[in-house]
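Take a look at the structure set out below.
The values are calculated or read from the model by the stated rules, or taken from the named source; none is laboratory data. Quick caveat: nothing in here was measured; it's all calculated off a predicted structure. For neighbour counting, all protein chains shown are included, and Cβ atoms are generated from backbone atoms with ideal geometry for every residue, glycine included. Protein only, heavy atoms only, side chains kept; ligands, DNA and RNA dropped before computing areas. Shrake-Rupley method; radii C 1.70, N 1.55, O 1.52, S 1.80 Å.
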Amino acid sequence: MSASPLIQLRDLRKSFPSNGKEQEVLRGVTLDVARGETLVIIGASGGGKSVILKHCIGLLKPDAGEVRVEGKVISSPDGVDAQTIRRRMGMLFQGSALFDSMNAGENIKFAVREHRPELSEAQLDALMREKLQLVHLSPDMSSKLPNELSGGMKKRLALARALALEPEILLYDEPTTGLDPVTAGVIDDLVLDMQRQLGVTSLVVTHDMPSAHKIADRIAMLHEGKIIFIGTPEALRASDLPPVRAFVRV
Amino acid sequence: MPSPQEHARREEAPGAPLSRFLNGLGALALGPVERLGESVLLFLAILRRLPFLFRGPGLLLEQIARMGVASIPLVLVISVFIGAVTAVQARYQFHGLIPDTYLGTAIAKFVIIESGPVLTALVLAGRVGAAIAAEIGTLKEKEELDAMTVMDLDPLRYLALPRLLAGFIAVPLLVVFSCLCALIGGWLVARFSFGLTSQAYVQGTRFLFSGYDVWVGLVKAVCFGGVVAFTGFQEGLRAGAGARGVGQAAMKAVVSACVWILVLDFLIIFMLY
Ligand SMILES: Nc1ncnc2c1ncn2[C@@H]1O[C@H](COP(=O)(O)OP(=O)(O)O)[C@@H](O)[C@H]1O
Ligand SMILES: [Mg+2]
């Protein structure tokens, strides 16, 4: 791990209006993600884990605080264009967010065709097959529509789609939620593969503890809008903070 | 004598509702202004993507087919009936005042300037505008819009621009088709119900026919087409969470498109005649 963190969150605050009142979801989140590591954020549902991920990739702007990627501020209007940073990041959405109107192959090729117009259709096809193989999907399924795929296959296809743009940073939003244990294990292995084979930096959000223990280099816990714990999985097990104990036990 | 301060304090209680009322009134006036400003900015942002059209007209053609071609049967049916109703009404209103030979004149005038563009647009607000709002609202709900943004695929370019242009193009074509169908509907009634000869009907439609009316009808159709597609897209973007949010977005798209169509109809007529 190099000295300067790849992603730095500094005192991030974010509120959303809810029933006419402002509900403060993030109350000063500070977090560093080091180059090459897999950092897992755990926390209760509705606690703001997805909101953190969306700040990292510029989909949301904080009310206060700062997001830096490779030292560059992406959270303020006068910071670098979030677009230029986004090209190097990929995100796996909770519901996969595949393009429903396109078949599996098109889902992978669409963005690549736009961003790399120099590639021929044959090269795009080759790239698509390569990415499908990376996530252990058969190239035969490239003509299927997303709604013909199982939940686990959708997650893998979404990962293949993100990989097609060759990101250095991958953000995963609950990659194993709603999957059976076997399929969840397959996804966990893929997350590990991405780190080991491709050297990507991963930020994973989950409330699946077995998965967190399996893939994490470090685990951070979000509780009431703040990071109350950050450390190795072993340190988490040994922690005697009450919210951590309560969460890890369930 | 109470001091001014005391006076002010005593006034505070009865004055508070008034100031709250005035604040509310201000917000009521500001809300629409703010929303209108938002709409103008979004509209301009979409138009700025126009150069991308030449890179991929496929998306536009697909939308024209979905909006335009698929609406033909509906427009055909309503337009024939509009023409027929206009014929019956014109005869009833003018009976004894104007000879039936002018029936075609009344129908052609009314259909080309008013009922063709307005009724077609209102029906398309329900068919096309609601569909766009529901589709975009669902894409938002399922995070497909976020996924596009994350992959640096601009939703305004890929989703908004083709839909808006398809509205500008398909609706005028449908309006022309609608006018022809309405004239045929009027002819059916005039010929078979009122016993007017086809020749008399056609001569009637030609009498007082002006190219300017056709232009006005087309100007309206272009504006209405833009309104239907744009409000559909904007309400889809604003959609709240869940199935309910999507349903409400579709409803709002239809309502605001209908209001805008009628307001613009008045403004255009007012300015062009
Ligand atoms: N775009 C948004 N608009 C309004 N409220 C939001 C938005 N995104 C998230 N929230 C609210 O923020 C809270 C945290 O959401 P989220 O980050 O999705 O939680 P989770 O930890 O389960 O991922 C929830 O109460 C949610 O309603
Ligand atoms: Mg979430």
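Odds and ends about this structure:
- Close pairs from region A:48-64: first closer than 15 Å to A:Met89 by Cα, partner within 16 Å of ligand 2 (Cβ to nearest atom) and in a loop (DSSP other than H, G, I, E, B), Cβ under 6 Å, at least 6 apart: A:Lys54/A:Leu60
- Residue within region A:140-158 that is buried (at least 21 other Cβ atoms within 10 Å of the Cβ) and assigned to a loop (DSSP other than H, G, I, E, B) present: no
- Close pairs from region A:102-123: first away from chain B (no Cβ under 12 Å), partner assigned to a helix (DSSP H, G or I), Cβ under 6 Å, at least 6 apart: A:Asn103/A:Ser143; A:Ala104/A:Met141; A:Ala104/A:Ser142; A:Ala104/A:Leu157; A:Gly105/A:Met128; A:Gly105/A:Ser142
- Test for B:Asp154: is it of a type in the set (Asp, Glu) and facing chain A (nearest Cβ under 9 Å): no
- Test: residue in region A:183-198 that is open to solvent by 20 Å² or more (accessible area, probe 1.4 Å), out of contact with any strand residue (DSSP E or B) (no Cβ under 9 Å at 6 or more places or on another chain) and within 20 Å of B:Asp146 (Cβ to Cβ): no
- Selection over region A:159-172 of residues that are within 11 Å of another protein chain (Cβ to nearest Cβ) and open to solvent by 20 Å² or more (accessible area, probe 1.4 Å) gives a count of 1.
- Any hit, region A:173-191, residues being among the acidic types (Asp, Glu), more than 14 Å from chain B (Cβ to nearest Cβ) and outside any helix (DSSP H, G or I): yes
- Number of positions in region A:2-24 that are small (Gly, Ala, Ser) and assigned to a loop (DSSP other than H, G, I, E, B): 4
- Those residues of region A:37-81 which are among the small types (Gly, Ala, Ser), away from ligand 2 (no atom under 16 Å from the Cβ) and at positive phi, in sequence order: A:Gly58, A:Gly65, A:Gly71
- Remark: B:Ala70 matches the filter, which requires a residue to be away from every other protein chain (no Cβ under 14 Å), in a helix (DSSP H, G or I), of a type in the set (A, V, I, L, M) and free of Cβ contacts under 8 Å to residues at least 40 places away in the same chain.
- Helices (runs of 4 or more DSSP H) fully within region B:111-224 counting 1 or more residues that are among the hydroxyl-bearing types (Ser, Thr, Tyr) and under 30 Å from B:Ser256 (Cβ atoms): B:116-124, B:130-141, B:144-150, B:161-192
- Selection status of B:Gly83, open to solvent by less than 70 Å² (accessible area, probe 1.4 Å) and at pLDDT 95 or above: yes
- Test: A:Ile228 is modelled with pLDDT of 95 or more and either surrounded by fewer than 19 Cβ atoms within 10 Å (Cβ to Cβ) or part of a loop (DSSP other than H, G, I, E, B) (or both): yes
- Exactly one residue among A:Gly58, A:Gly95 is part of a loop (DSSP other than H, G, I, E, B), within 18 Å of the chain's Cα centre (by Cα) and farther than 22 Å from A:Asp180 by Cα, and that residue is A:Gly58.
- Exactly one residue among B:Pro162, B:Pro172 is touching a Leu at 6+ places or on another chain (Cβ under 7 Å), buried (at least 19 other Cβ atoms within 10 Å of the Cβ), under 28 Å from B:Cys223 (Cβ atoms) and within 14 Å of chain A (Cβ to nearest Cβ), and that residue is B:Pro162.
- In region A:98-124, residue nearest to A:Gly151 (Cα to Cα) [restricted to those that are of a type in the set (A, V, I, L, M, F, W, C) and within 23 Å of the chain's Cα centre (by Cα)]: A:Leu98
- Only one entry of A:Lys49, A:Lys72, A:Lys21 meets the criterion of being over 18 Å from the mean Cα position of the chain (by Cα) and within 16 Å of ligand 1 (Cβ to nearest atom), and that entry is A:Lys21.
- Residue in region A:85-104 that is more than 16 Å from ligand 2 (Cβ to nearest atom) and more than 28 Å from A:Asp188 (Cβ to Cβ) present: yes
- No other residue among B:Val263, B:Val219, B:Val228 is open to solvent by less than 30 Å² (accessible area, probe 1.4 Å) and at pLDDT 95 or above apart from B:Val228.
- Only residues that are within 16 Å of ligand 2 (Cβ to nearest atom) and of a type in the set (A, V, I, L, M) were counted in region A:13-36, giving 3.
Let's see how each residue does on (1) within 14 Å of chain B (Cβ to nearest Cβ); (2) within 16 Å of ligand 1 (Cβ to nearest atom); (3) in contact with a Phe, Trp or Tyr (Cβ under 8 Å, 6 or more places away or on another chain); (4) closer than 29 Å to A:Ala235 by Cβ:
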position: A:Arg13; (1), (2), (3), (4): no, yes, no, yes
position: A:Pro17; (1), (2), (3), (4): yes, yes, no, no
position: A:Val33; (1), (2), (3), (4): no, no, no, yes
position: A:Lys61; (1), (2), (3), (4): yes, yes, no, no
position: A:Gln83; (1), (2), (3), (4): yes, no, no, no
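- Qualifying residues in region A:85-100 (those that are at the interface with another protein chain (Cβ under 9 Å from one of its Cβ atoms) and open to solvent by 40 Å² or more (accessible area, probe 1.4 Å)) - the one farthest from A:Ala162 (Cα to Cα): A:Asp100
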